[in-house]
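Visitor: Okay, here's the structure, questions in a sec.
Each value in this text was obtained by applying a stated rule to the coordinates, not by laboratory testing. Bear in mind that the values here come from a model prediction, so they are computed numbers and not experimental data. We place every Cβ from the backbone using ideal geometry, glycine too, and count neighbours over all the protein chains shown.
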Amino acid sequence: DAMVIQNPRYQVTQFGKPVTLSCSQTLNHNVMYWYQQKSSQAPKLLFHYYDKDFNNEADTPDNFQSRRPNTSFCFLDIRSPGLGDAAMYLCATRRTGGMSDYEQYFGPGTRLTVT
Amino acid sequence: GENVEQHPSTLSVQEGDSAVIKCTYSDSASNYFPWYKQELGKRPQLIIDIRSNVGEKKDQRIAVTLNKTAKHFSLHITETQPEDSAVYFCAARNAGKSTFGDGTTLTVKP
């Protein structure tokens, strides 16, 4: 059963053309993360939501924005994609509180290509 | 912020041998240390984790040790199999945010 779903799995966009990636979860987790992972590199945290509170990483470019309209959905907007933004984008969720509040669940990722 | 160093970057072992991957972290406030296995084109999968109040944890062929004083933790895989071949990432979490090591590419030769 899919728990963290990302759509689309593959996205091709043109240089400078805005693109939105989506993540949904059936786990009712209160924390949602967006990571960027370039080839042969570690996942890099872009930002995360703790409930409705948005937390941006200091080095995340302004070109990247996020929205979380409700608990289940979170979106990553890239306003003007550059060639350097081609990467795998991973969404992850986590529930805080209780004994099982540590594990982070990753979605399958969206591979973004910029032409 | 947190800084995680992971070694080695590549590791090749013969099937049946053991593999050890080591990570160090800088922020003593980090309290949760997961290890992920990532196959090409797939999501990171949690294989084992350890919390800061525990020194060692084992799950079948996989074990993790944590030395809080020295701020390092290690992944041990025994009786390696070809299907263990993948990239392994360590991470250290503080205040809900995980910092990942750069990864170790493990190759298990049949």
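Visitor: If the reach is capped at under 15 angstrom between alpha carbons, list the aspartates and glutamates near B:K42, excluding any in the same chain fewer than eight residues apart.
Guide: Candidates past the 8-residue exclusion: B:E83, B:D84.
Visitor: How large is the dipole of the protein assembly as shown about the Cα centre if only Lys and Arg carry +1 and Asp and Glu carry -1, each at its Cβ, rounded to the nearest 20 debye? The partial results should precede the final answer.
Guide: Numbers: 24 positive and 23 negative charges, 74 e Å.
That gives the protein assembly as shown a dipole magnitude of about 360 debye.
Visitor: Using the charge dipole of chain A (Lys, Arg: +1 at Cβ; Asp, Glu: -1 at Cβ; taken about the Cα centre), state which of A:F54, A:T20, A:L76 has its Cα farthest towards the positive end.
Guide: A:T20
Visitor: Net charge within 15 Å of A:T71 by Cβ-Cβ distance, Lys/Arg positive one each and Asp/Glu negative one each, not counting A:T71 itself?
Guide: Computed value for this residue: +3.
Visitor: Is the stretch B:36-110 best put as rounded, prolate or oblate by its Cα gyration tensor, with a ≥ b ≥ c the root eigenvalues, rounded for a/c under 1.5, and otherwise prolate when a/b is larger than b/c, oblate when not? Don't skip to the answer; put the middle values down first.
Guide: On the way: a/c = 2.21, a/b = 1.39, b/c = 1.59.
Oblate shape, in that a/c is at least 1.5 and b/c is the bigger or equal ratio.
Visitor: For the stretch A:15-83, with only Lys/Arg (+1) and Asp/Glu (-1) charged at the beta-carbon, what is the dipole magnitude about the Cα centre, in debye rounded to 20?
Guide: 220 debye
Visitor: OK, next. Relative to the Cα centre, what is the charge dipole magnitude of chain B, using +1 at the beta carbon of each Lys and Arg, -1 at the beta carbon of each Asp and Glu, and rounding to the nearest 20 debye?
Guide: 340 debye
Visitor: What is the fewest-to-most order of B:T104, A:T115 by other Cβ atoms lying within 10 Å of their Cβ?
Guide: A:T115, B:T104
Visitor: Moving to a separate point now. Relative contact order (percent) for chain B, with alpha-carbon contacts under 8 angstrom and 6 or more residues of separation? Before the final figure, lay out the partial values.
Guide: Values: 275 pairs, mean separation 40.7, N = 110.
Relative CO of chain B lands at 37 percent.
Visitor: Same structure, new question: Can you give the local net charge around B:V4? Use residues other than it whose beta-carbon is closer than 13 angstrom to its beta-carbon, Lys and Arg +1, Asp and Glu -1.
Guide: +1
Visitor: Lysines within cross-link reach of B:K22: Cα-Cα under 17 Å, excluding same-chain residues under 8 positions apart?
Guide: Reachable lysines: B:K37, B:K57, B:K58, B:K68, B:K71.
Visitor: Please give the residues of the stretch B:6-43, grouped as numeric ranges, whose backbone N is less than 17 Å from a label point set 7 Å along the Cα-to-Cβ vector of A:A58.
Guide: B:26-30
Visitor: Give me A:R68, B:R61 ranked fewest to most by other Cβ atoms within 10 Å of their Cβ, as a rough exposure proxy.
Guide: Listing A:R68, B:R61 from fewest to most nearby Cβ atoms yields B:R61, A:R68.
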